[in-house]
1. Could you tell me which numbered condition B:V177 fails, if it satisfies all but one of (1) within 14 Å of chain A (Cβ to nearest Cβ); (2) surrounded by 15 or more Cβ atoms within 10 Å (Cβ to Cβ)?
2. Considering only the range B:130-153, I want to know if a residue exists there that is closer than 19 Å to B:I45 by Cβ, open to solvent by 40 Å² or more (accessible area, probe 1.4 Å), in contact (Cβ under 8 Å) with a residue 60 or more places away in the chain and not acidic (D, E).
3. What is the one condition in (1) more than 21 Å from A:F101 (Cβ to Cβ); (2) out of contact with any His (no Cβ under 8 Å at 6 or more places or on another chain); (3) away from chain A (no Cβ under 11 Å); (4) not acidic (D, E) that B:L96 does not satisfy?
4. Going through the range A:169-180 one residue at a time, which ones are under 20 Å from A:P126 (Cα atoms) and surrounded by fewer than 16 Cβ atoms within 10 Å (Cβ to Cβ)?
5. Here is a list of conditions, (1) within 12 Å of chain A (Cβ to nearest Cβ); (2) within 20 Å of B:T151 (Cα to Cα); (3) of a type in the set (D, E), and B:D14 meets all of them except one; can you say which number that is?
6. Would you mind stating whether B:T29 is more than 16 Å from B:I159 (Cβ to Cβ), more than 8 Å from chain A (Cβ to nearest Cβ) and crowded, with 19+ Cβ neighbours inside 10 Å?
7. Considering only the range A:152-163, I want to know if a residue exists there that is within 14 Å of chain B (Cβ to nearest Cβ), more than 12 Å from the chain's Cα centre (by Cα) and closer than 20 Å to A:D19 by Cβ.
8. Could you please find all residues in the range B:37-77 being of a type in the set (K, R) and either at positive phi or within 10 Å of chain A (Cβ to nearest Cβ) (or both)?
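The values are calculated or read from the model by the stated rules, or taken from the named source; none is laboratory data. These numbers were taken from a predicted model, which means no experiment stands behind them. Cβ atoms come from the backbone with ideal geometry, glycine included; neighbour counts cover every protein chain shown. SASA here: full protein model, heavy atoms, side chains in, ligands and nucleic acids out. Shrake-Rupley method; radii C 1.70, N 1.55, O 1.52, S 1.80 Å.
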Amino acid sequence: MAKSMTSQRPVDWHQDIFDVLIAHNISIVAHVPDAGHGPLINKCEAHSEMQTVTLTTEQDGVGLLSGAWAGGRKGVLLMQSSGVGNTINALALPSICRIPFLTIVTMRGEWGEFIPWQVPMGQGTPKVLEAMGVRLFRVDASEDVGSAVEAAVNSAYNTRQSAAVLLSQKMIGAKQFKQR
Amino acid sequence: MLHRRPTVSFLLEDRPANLLAVSGLGSSTWDLSAAGDNSCNFGFIGAMGQAAPFALGLALAQPEKRVVLFTGDGEILMSLGILATIANLAPENLSLVVLDNEAYSETGGQPTATAGPTDLEQVAKGAGFTNTQSVTHDSALPALREMIRGTRGPHFANIKIVAEELPLVFPYSFDGVTAINRFRDAATA
């Protein structure tokens with residue numbers, strides 16, 4: 001697909017995600033740190049009205065955001081595909097209570113991956129999320145990130161569903177590893 | 001050793017309107033229901049390990065209210081990392097009360113780690129909680145009740161309770177949507 005000829009600025013998809021979160025008053029950003037999400041996490045930490053929460057395991061983000069919604073606040077869980085597997089049983093909570101749940105996942109193990117251990121969960125991520133009733137919004141091009149996140153936010157918070165944006169490894173760029 | 005039902009009932013007696021109570025999967029939810037139905041209660045009947053994260057999210061979203069979690073030793077043992085997360089965020093309005101019978105009582109009484117050398121108060125301390133206690137006598141309950149309602153938190157109380165079989169007391173609704181809608185209306189009122 002040809003790149004847009006009308007857009008002059010280079011796409012800053014982290015900024016695009018941040019702008020959508022701000023526009024929708026999403027104020028709790030829970031995460032297990034990931035390099036792909038790094039610039040977004042930094043923007044959120046620097047914003048006075050956003051609260052970032054560093055988790056020890058991704059599953060706790062499901063309960064945390066569910067409790068926050070019960071208390072009237074909206075949030076998002078940022079994680080890597082390897083973390084998706086940790087959340088599976090916890091996803092019963094938003095599913096059975098129809099609590100809005102929003103996550104943005106950076107994909108590993110699918111395009112140019114160097115580390116074999118990333119492949120099983122990377123390949124399994126879409127299947128297990130769908131098996132738990134989570135709607136997927138997959139993004140392969142940086143210029144589509146903002147609209148995909150917007151659609152996922154609306155799916156989660158307007159229709160009380162679980163929604164995941166999957167940011168493809170092809171778009172993010174595979175992490176490079178070199179031995180010294 | 002204390003008895004779980006009178007303990008929970010005592011801690012919630014004449015509760016203030018701003019006290020939100022969450023209970024973890026299993027016996028703790030039956031205990032919370034037995035203490036009396038209240039729109040400010042939300043009891044887990046699944047998603048083991050998620051009650052403490054839920055209570056944390058609630059406490060962050062409603063800083064003007066008090067949040068108390070009642071859960072079991074088995075349930076909290078599934079998600080010990082949340083203790084580190086809570087200690088780091090240090091929400092002043094959150095109290096964790098563990099009803100520790102040293103057993104998985106819902107599944108036949110198999111011993112948990114606390115039947116062995118594991119001490120949950122020490123785990124909480126190591127995670128970074130500065131206000132912790134182990135309760136082995138009901139003389140400690142009046143002070144704990146006051147703490148839940150007004151003292152700057154977060155608190156962690158591990159209450160050693162008798163392993164006993166009690167009649168199940170079901171919460172307001174087994175339907176999650178019905179339960180969370182009522183709770184959210186009350187919590188955000």
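1. Unmet for B:V177, out of (1) within 14 Å of chain A (Cβ to nearest Cβ); (2) surrounded by 15 or more Cβ atoms within 10 Å (Cβ to Cβ): (2).
2. Checking the range B:130-153: not a single residue is closer than 19 Å to B:I45 by Cβ, open to solvent by 40 Å² or more (accessible area, probe 1.4 Å), in contact (Cβ under 8 Å) with a residue 60 or more places away in the chain and not acidic (D, E).
3. (2)
4. The answer is A:K170, A:G173.
5. (1)
6. yes
7. Yes, the range A:152-163 has at least one match.
8. Matches in the range B:37-77: B:K65 only.
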